[in-house]
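To keep things clear, I will list the structure first and then write my remarks on it.
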Amino acid sequence: MCQGRYSTFEVRVRAVEAVERGLAVGQVAATFDVNRATLFRWVRNYQTDGPEGLQRRAGSGRPRLLNDLDEDDLRQIVMFPASDFGYETDLWTVGRLQQVIEDVCEVRVSNDTVWRRLRDAGLTYQKPERQYFEVDEKARQEWLRTEVPQIRGIVRQFRAILYFQDESNVSLTAFLGKTWAMCGQTPRMPVTGKRGGVSAMSALSGQGRLLFRLFDKRICSAEVICFLDQMLQFHKGRHLVVVMDQAPPHTSHMTKAYIANQRRLHVFYLPKYSPDWNPDEKVWNHLKHHELKAHKAKTKEELRALTKAKLKTMSRNPSLLRGMFFRCCVADFFG
């Protein structure tokens with residue numbers, strides 16, 4: 001409801017009008033995400049000074065250096081890639097923004113000022129998602145136009161269960177993440193220096209169901225067939241629609257021959273270079289960056305046991321899994 005740290009004039013007016021209509025103060029405060037005391041102050045100011053009482057007053061103290069650069073201007077700069085301003089890559093850093101602001105406004109500002117103005121503008125420091133150069137947008141749109149109706153039709157016709165499938169490798173080299181420490185004293189985390197990992201396959205449904213299987217070898221056609229057979233055995237008598245990428249083990253003659261002989265199995269392939277359209281990718285992201293973050297496994301056997309335990313825990317949390325599924329943009333077509 002607010003931009004940055006402050007509520008807008010329009011939000012304040014709407015909140016006060018809701019109170020004036022007789023809605024409970026607590027309900028209005030919760031709806032507009034403001035403190036009850038703040039809402040009472042808005043109402044009092046409105047009753048005293050009318051709409052003018054809801055205007056934001058200028059704070060005391062030293063005037064801002066960047067009066068000529070408002071929040072909209074800052075957001076407009078950040079929405080363009082940094083390469084448009086002469087930098088080699090598209091990513092923005094505080095240092096780069098500081099230089100651009102100083103060039104545009106002809107005033108020197110500190111890093112802290114840039115950080116504060118970014119937060120006030122509702123901007124956050126984020127890790128971008130990969131977008132592959134090889135993506136064929138025409139092929140993706142064609143997939144939405146032709147394949148999605150077929151998938152939905154089969155789900156309705158056979159009352160089938162829709163799964164998105166993917167595989168990954170869980171490494172002995174753990175993702176460490178971040179922690180708090182004394183300034184200038186980088187903490188150390190004991191980890192193994194051994195190489196290796198565990199291969200795994202999983203399938204995620206919109207109902208929050210997760211099926212998985214671990215392997216001690218690289219995933220090939222035989223492993224894909226083994227996992228698909230596991231899915232059919234788990235859902236005895238039910239038709240399954242499985243959407244997967246076009247990795248060689250998925251599209252091999254051996255795998256396709258197996259699929260053709262399974263009456264209850266309907267497999268569709270995502271467009272090439274479209275991992276962002278596979279909700280099951282988020283399962284592996286969550287597993288590696290949350291469940292297994294800074295893990296203590298020293299051997300492949302320990303890693304396998306830990307990975308199995310974490311995946312079991314995730315499979316018992318349908319709310320978490322439904323969130324993963326429906327945060328994927330393509331899931332909107334199958335909701």
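The values are calculated or read from the model by the stated rules, or taken from the named source; none is laboratory data. Just so it is clear, the model here is predicted, and its values are computed rather than measured. Cβ: placed from backbone, ideal geometry, glycine included. Neighbour counts: every protein chain shown. Heavy atoms of the whole protein, side chains included, go into the accessibility calculation; ligands, DNA and RNA do not. Shrake-Rupley method; radii C 1.70, N 1.55, O 1.52, S 1.80 Å.
So, in the range 305-329, of the ones that are in a loop (DSSP other than H, G, I, E, B) and in contact with a helix residue (DSSP H, G or I) (Cβ under 8 Å, 6 or more places away or on another chain), which residue ends up least open to solvent (accessible area, probe 1.4 Å)?
By that ranking, first place goes to C328.
Within the range 150-172, can you find the residues that are part of a strand (DSSP E or B) and surrounded by fewer than 17 Cβ atoms within 10 Å (Cβ to Cβ)? Steps first, please.
Step one: of the range 150-172, the residues part of a strand (DSSP E or B) are 161-171.
Correct list: N169, S171.
So which residues in the range 246-256 are aliphatic (A, V, I, L, M) and either in contact with a Phe, Trp or Tyr (Cβ under 8 Å, 6 or more places away or on another chain) or open to solvent by 50 Å² or more (accessible area, probe 1.4 Å) (or both)?
The one that is aliphatic (A, V, I, L, M) and either in contact with a Phe, Trp or Tyr (Cβ under 8 Å, 6 or more places away or on another chain) or open to solvent by 50 Å² or more (accessible area, probe 1.4 Å) (or both): M254.
Taking the range 108-143 as the region of interest, how many residues are part of a helix (DSSP H, G or I) and of a type in the set (K, R)?
Qualifying residue count for the region: 5.
What pairs can you find where one residue is in the range 307-320 and free of Cβ contacts under 8 Å to residues at least 60 places away in the same chain and among the charged types (D, E, K, R), the other is outside any helix (DSSP H, G or I) and surrounded by 12 or more Cβ atoms within 10 Å (Cβ to Cβ), and their Cβ atoms are less than 7 Å apart, with a gap of 6+ or different chains?
K310/L292
Can you name the residue in the range 276-287 that is over 23 Å from P149 (Cβ atoms) and of a type outside the set (D, E, K, R) and is also surrounded by the most Cβ atoms within 10 Å (Cβ to Cβ) among such residues?
So, considering only residues that are over 23 Å from P149 (Cβ atoms) and of a type outside the set (D, E, K, R), the one surrounded by the most Cβ atoms within 10 Å (Cβ to Cβ) is V283.
If a residue must be within 14 Å of S7 (Cβ to Cβ) and without any contact (Cβ under 8 Å) to a residue 12 or more places away in the chain, how many such residues does the range 39-52 contain?
2
From the set of residues in the range 65-100 that are surrounded by 14 or more Cβ atoms within 10 Å (Cβ to Cβ) and over 30 Å from the mean Cα position of the chain (by Cα), which is modelled with the highest pLDDT?
Within the range 65-100, the match that is modelled with the highest pLDDT is Q99.
Go through (1) within 23 Å of L176 (Cβ to Cβ); (2) surrounded by fewer than 16 Cβ atoms within 10 Å (Cβ to Cβ); (3) over 18 Å from the mean Cα position of the chain (by Cα) and name the single condition H290 misses.
(3)
Residue-wise test of (1) within 17 Å of R152 (Cα to Cα); (2) surrounded by fewer than 16 Cβ atoms within 10 Å (Cβ to Cβ).
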site: Q233; (1), (2): no, yes
site: R238; (1), (2): yes, yes
site: M244; (1), (2): yes, no
site: Y258; (1), (2): no, no
site: L270; (1), (2): yes, no
site: S274; (1), (2): no, no
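Between residues in the range 279-290 that are acidic (D, E) and residues that are part of a helix (DSSP H, G or I) and open to solvent by 40 Å² or more (accessible area, probe 1.4 Å), which pairs lie under 9 Å by C-beta distance while being six or more apart or on different chains?
E281/P275
Contact list please: Cβ distance under 9 Å, first residue in the range 191-212 and basic (K, R), second residue not in a loop (DSSP other than H, G, I, E, B), pairs at least six apart or on different chains.
Note: pairs meeting the criteria are K194/K300; R195/S171; R209/I161; R209/Y163; R209/A203; R209/S315; R209/P318; R209/L321.
Going through the range 109-149 one residue at a time, which ones are without any contact (Cβ under 8 Å) to a residue 24 or more places away in the chain, more than 30 Å from Q246 (Cβ to Cβ) and surrounded by 10 or more Cβ atoms within 10 Å (Cβ to Cβ)?
S110, N111, V114, W115, R116, Y125
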